[in-house]
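Only the coordinates and a few stated rules stand behind these numbers; no lab work does. If you're wondering where the values come from, they're calculated on a predicted model, not measured in any experiment. Cβ atoms come from the backbone with ideal geometry, glycine included; neighbour counts cover every protein chain shown.
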């Protein structure tokens, strides 16, 4: 122990480190100094350092104080430049398409938030630089309210038919006849129109969203890689929305598999809608 | 960037992967700094300046990837032991997948792989 404290080599090394670490601020400088000091002490304790030669070798392996501090400054806060000449610990990832995925989700699933969800989706679509104007128009026009609008529409169509019945009694008070009448106060869709609307409102938006996201992915792949400074947020760059869409982005599946999965996913979306519509229709009978 | 560093292409790569090597070592057991650095040093070419591991550990601690606990040692002052957190494990898992793909791709292009090509969906 005494050895590390009194040895001029160590003293000099720690003094240089302390001076170089000044810009780090007290907390991080203290932590760094403590770590390095501990390291040297542990080396002495373990017997690895027992004379000047082995001590010099240890300090050599630890590296230049400036280099260590440069590594410390590279904390991803972005606030500190690198005047000491060390490159940042930067990794690269392919350009993300979080915006496009979010837009697609708002235009489809997000339309459950009536009008608002769809509006947000449209705004996001137009703020993307990975779609052409034509594609943006398609995205805007093909979703007139999104699948949720179809649900509401179906609900209105089914809910406006009200039925009543009245009993006809004979002189003894027995029921001799029941007369039923239905009054349709709104309108109901002929089957062919319902089917067309269903396809236009539910299936097409989902397909278009899928195609547009894939195109955005392909275009993003052609862009330069995005540098990611290793930061406290580290690799947690996946938001919930992106995870929901990870299927379409994965390299682990073929395109066909993605289509199949998308179809299944669409069914999952469609079945509840059909169920709700069916229930509403049934109740109104 | 100094010219010398620009000339060694592995410098950047090393900086990118070293923290995951630290995480991987910590999955097996909790280690204190000196031990950790020695373990890393056993693999050739992973660490050039051992001292840079300490700022790295500090950064990983602030990122929540590792936690530290002080423990008494048989001789000498207490030591700071590092343990991997769930978030660190998560980061390591993600990197491991990415790394395999990256490594295979580079191997395939350089012709240094074991015959398996790049897999693309």
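Rounding to the nearest 10 and keeping the result within 0 to 90°, find how far the Cα-based axis of helix B:33-42 lies from the longest principal axis of chain B. Its long axis makes an angle of about 30 degrees.
Full extension of the chain segment joining residue A:200 with residue A:18 gains 58.7 nm, where the gain is 0.36 nm per residue of separation less the Cα-Cα distance.
Mean per-residue shielding of peptide B:88-95 is 2, counting Cβ atoms of other chains within 10 Å of each Cβ.
Debye sum, Cα scatterers, chain B, no solvent: what log₁₀ I/I(0) at q = 0.11, 0.18, 0.23 1/Å? Debye output, listed in q order: -0.47, -1.03, -1.34.
Quick check on chain B: helices-only [θ] at 222 nm, where DSSP H runs of length 4 and up contribute -39,500 (n - 2.57) each and the sum goes over total residues. Nearest 500, please. Could you put the intermediate results ahead of the total?
Details: 5 runs with 69 residues, N = 121.
For chain B, the value works out to -18500 deg cm²/dmol.
So for each of A:208-219, A:48-59 I average, over its residues, the number of other beta carbons within 10 Å; can you give me the resulting order with the highest mean first? Mind showing how you got there, number by number?
Details: A:208-219: 19.4, A:48-59: 15.0.
The packing order, highest mean first, is A:208-219, A:48-59.
Go ahead and run the numbers for FRET between residue A:276 and residue B:42, Cβ-Cβ distance against an R0 of 51 Å, rounding to 0.05. My answer for the efficiency is 0.25. Fully extending the segment from residue A:119 to residue A:60, taken as 0.36 nm per residue of separation minus the present Cα-Cα distance, adds 15.1 nm. Taking Cα atoms only, the orientation of helix B:86-110 departs from the longest principal axis of chain B by about 30 degrees.
If R0 is taken as 45 Å, the Cβ-Cβ distance between residue A:11 and residue A:221 corresponds to a FRET efficiency of 0.25.
Within 10 Å of each Cβ in peptide A:208-219, how many partner chain Cβ atoms are there on average? Round it to a whole number, please. Numbers along the way, then the final one.
Working: counts 0, 0, 0, 0, 0, 0, 0, 0, 0, 0, 0, 0.
What the average comes to for A:208-219 is 0.
Between 0 and 90 degrees, the angle of helix B:53-62 with respect to the longest Cα principal axis of chain B falls at about 80 degrees. Peptide packing for A:31-41, A:191-201 was compared via the average number of neighbouring C-beta atoms within 10 Å per residue; ordered from the highest value, the list is A:31-41, A:191-201. Contact order, relative form, for chain B: 23 percent (alpha carbon pairs under 8 Å, 6 or more residues apart, mean separation divided by residue count). Between residue B:102 and residue A:192, the FRET efficiency estimated from the beta carbon spacing at R0 = 56 angstrom works out to 0.55.
Mind ranking B:13-25, A:123-135 by how tightly packed they are, going by the mean number of other C-beta atoms within 10 angstrom, highest first? Display every interim value, and only then the final one.
Working: B:13-25: 19.2, A:123-135: 14.6.
Listed from highest to lowest mean packing, they are B:13-25, A:123-135.
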